[in-house]
Every structure is written in structure tokens, then in C-alpha cells.
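Derivation of every value follows stated rules applied to the coordinates shown; laboratory data play no part. The model shown is predicted, which means the values in this text are computed figures rather than measured ones. Positions of Cβ are generated from backbone atoms using ideal geometry, with glycine treated the same way; all protein chains shown enter the neighbour counts.
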Amino acid sequence: MVVRAEIDYRSPARYSDIIEIETWVRDVTRASIVFEHVMREKNSRRVIVECRAKLCYVDANGRIKRLTEEYVAKIQ
């Protein structure tokens, strides 16, 4: 479940642009994970968007779920 999302729009994208999105894990705990994303125009490498999103782990009922330390270590 998304807890927080932060988006910085750096420049406009155009219909003819070929877009690349790079995503990586910034931080991970037993209860949450933070992803960072950068969207760029492929040829010029111009940054279009930078984004950070924090997600928490939940079970099928929507309750926060803690992961095992072993699972967190694999993600890191």
C-alpha cells in the first residue's frame, strides 16, 4: 500500500519522446520499502520526472505485515 508519494516534474514529455524509467530501492525495512524513479527522454537523457514512493507491506485484509529479516536482506 502506498504511504507517501513525492513527484518532481522537471521538464515536459512530448508524444514523440521515447521514455526510459529507471527504478531502484532506496530503503527497505521489515515494514516498508522506498522506491526512487527517474524518467528520462532516451536520446537526450533529459530528466522529465523524479519520484519517490514509500510503500508498506500489508496482508490480504489490509493490515500492516512485517517481513522476516531474511526476506528484507534479499531485497537489499
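Sum up the charges of everything whose Cβ sits under 14 Å from the Cβ of residue 16, counting Lys and Arg as +1 and Asp and Glu as -1, but leave residue 16 out.
Numbers: positive: 14, 42, 46; negative: 17, 41.
It works out to a net charge of +1.
Using the Cβ atoms and a cut-off under 13 Å, what net charge is assigned to the surroundings of residue 1, where Lys and Arg are +1 and Asp and Glu are -1?
Numbers: positive: 4, 54, 63, 65; negative: 59.
Taking every Cβ under 13 Å from that of residue 1, the sum is +3.
If you build a Gaussian network model of the chain, linking Cα atoms that sit under 10 Å apart, which residue out of 30, 52, 14 swings the most?
14
Mind checking the dipole of the chain: about its Cα centre, +1 per Lys or Arg Cβ, -1 per Asp or Glu Cβ, Debye to the nearest 20? Don't skip to the end; give the middle numbers.
On the way: 15 positive and 12 negative charges, 21 e Å.
Dipole of the chain, to the nearest 20 debye: 100 debye.
Got a sec to turn the phi values of the range 18-26 into Karplus ³J(HN,Hα) couplings, 6.51 cos²θ - 1.76 cosθ + 1.60 with θ = phi - 60°, whole Hz, x for Gly and Pro?
Result, ordered by residue: 9, 9, 10, 10, 9, 10, 8, 8, 8 Hz.
What distance in nm separates the two pseudo spin-label positions at residue 24 and residue 72, each 7 Å out from Cα along the beta-carbon direction?
2.1 nm
Along Cα→Cβ, 7 Å out, is where each label goes; now give me the distance between the ones at residue 54 and residue 3 in nm to one decimal.
Taking the two extended label points, one gets 0.5 nm.
Run down the aspartates and glutamates and flag those whose C-alpha is under 20 Å from the C-alpha of residue 65, throwing out any fewer than 8 positions away in its chain.
Result set, ordered by chain and number: 27.
Using the scaling law 2.2 N^0.38 Å as the reference, what is the normalised Cα Rg of the chain? Before the final figure, lay out each step's value.
Numbers: Rg = 15.6 Å, N = 76, 2.2 N^0.38 = 11.4 Å.
So the Cα radius of gyration is 1.37 times the expected 2.2 N^0.38 Å.
What nm value, rounded to one decimal, do you get for the distance between residue 16 and residue 45 when each label is placed 7 Å out toward the C-beta?
About 2.3 nm, to one decimal.
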